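To start, the structure under review is shown below, and the notes come after it.
The values are calculated or read from the model by the stated rules, or taken from the named source; none is laboratory data. Computed from a predicted structure; not experimentally measured. Every residue, glycine among them, receives a Cβ derived from its backbone with ideal geometry; neighbour counts consider all protein chains shown.
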Amino acid sequence: MAGMLEKLKRGEWPTRVPIGYDQLTNKGQQQIVVNEKGKLLRKAFQWKAEQRLSNVEILEKLESMGFTLSKQRLTEIFRNPFYCGILSHNLLEGEVVEGKHEKLISQKVFFQINQIQAENNSGYTTKKYDNRLPLRNFIRCASCGTHMTGYEVKKKGIFYYKCNKIGCKVNRGARQMHARYEEVLNGFQLESDLHEPMTQRLLDVFQEMNQQKEDELKHTKAHLKTIDQQLEKLEERFVLLEEINKDQYEKFTQKLRLEKKQLEGKLPAEQIKLSNLQKYLRFAVKMCSEIGSMWVSGSYHQRQKLQKLVFPEGVLYDKEMDGYRTHRVNAIFFLIASLSAKIGIKEKGQTSNKTDLSSWVAGTGLEPVTFGL
Ligand SMILES: [Zn+2]
């Protein structure tokens, strides 16, 4: 073992060399050189770093050149710093040593690729929190449903979003994507003098929606009362009147108690008071109106929160119409959008069809009202 560590510290690789390399001995000296497969792997590294091809695309290209690898293997190769001349080994206990072997790629390419890889795998790297690409993994491609990722063309300093699916080719500048998204959020804007009428209108709708629930609640409460009365009666017949024996008493009460428990489970934990609902809706209307500017000026994490708040399941980017679509909007935002259309409250700044909320929220279906704001 001591011999191995010494070798490593001298920059020599003590065990089998990775794929793409041949080990030669020249006058007693170890020589590790790139072989034919290594030359193809070098191409693979370049495709990954420069063209940002996916691993599947790279595997296909390699296969067409007669070099078959498994997906797992390729991932391992891209992660192995040996290819950029760095020795990393358990024996070195975290220390890295510059190897004497031939480099397949530069360290710059290696680190560039591993940043891309980390993004693709867990989605959690320092890069993940890049506020210049807040919509990454939040938007999906409308053509194929795949999540869109973001990247920077460093030479130009320009950011893009792109569909992750091979061959889909949906690719769009981040600046335009952000502007469109801001337009969507601004669609919820209301002039301040319309806040109060909107709050009242929402209150009506919520009460209407809650009416059905209230009817159910009344019914449940009445049923519970009947059960209590029956239980009382049974007790009377058993204890006072001695009309039934203990077995019968227990049999009947057990059944009723079970039914009672089930009904009680249906009762809502807490009823929202009307005054609180009004306060809440007033806040929500105000917040909806500011959501566009809140998103624009927000930190990365604030933006993520807002995005999920309005569109809990994310949005689809439609390349053809250069706009967003969604399947689900938070109930409050949905109501504001549909009500402002219905009661003729039209926001200023709604100029194009792309941002006409009433058209694109139509058919989303209203989710049960949740108070998640
Ligand atoms: Zn796509």
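Here is how the numbers come out for the structure above:
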{"item": "Unmet requirement for N55, which otherwise passes all of (1) surrounded by 16 or more Cβ atoms within 10 Å (Cβ to Cβ); (2) more than 35 Å from the chain's Cα centre (by Cα)", "result": "(2)"}
{"item": "Candidates L217, L277 - the one that is surrounded by 13 or more Cβ atoms within 10 Å (Cβ to Cβ) and not assigned by TED's automatic domain parsing to the domain that holds A142", "result": "L217"}
{"item": "From the options R172, R180, R257, R237, residue that is of a type outside the set (A, V, I, L, M) and either closer than 30 Å to L281 by Cβ or loosely packed, with under 11 Cβ neighbours inside 10 Å (or both)", "result": "R180"}
{"item": "Test: residue in the stretch 51-67 that is modelled with pLDDT under 85 and in contact with a strand residue (DSSP E or B) (Cβ under 9 Å, 6 or more places away or on another chain)", "result": "yes"}
{"item": "Residues that are more than 17 Å from V56 (Cβ to Cβ), touching a residue at least 24 places away in the same chain (Cβ under 8 Å) and in contact with a helix residue (DSSP H, G or I) (Cβ under 7 Å, 6 or more places away or on another chain), drawn from the stretch 147-170", "result": "G150, F159, Y161"}
{"item": "Enumerated helices (runs of 4 or more DSSP H) restricted to the stretch 1-104, each holding at least 1 residues that are under 28 Å from C163 (Cα atoms) and in contact (Cβ under 8 Å) with a residue 24 or more places away in the chain", "result": "36-50, 55-64, 71-79"}
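Quick grid of which residues meet (1) touching a Ser or Thr at 6+ places or on another chain (Cβ under 9 Å); (2) closer than 30 Å to P134 by Cβ; (3) in the same structural domain as Q176 (by TED's automatic domain parsing):
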| position | (1), (2), (3) |
| --- | --- |
| I244 | no, no, no |
| F252 | no, no, no |
| K255 | no, no, no |
| L263 | yes, no, no |
| L281 | yes, yes, yes |
| S289 | yes, yes, yes |
| D318 | yes, yes, yes |
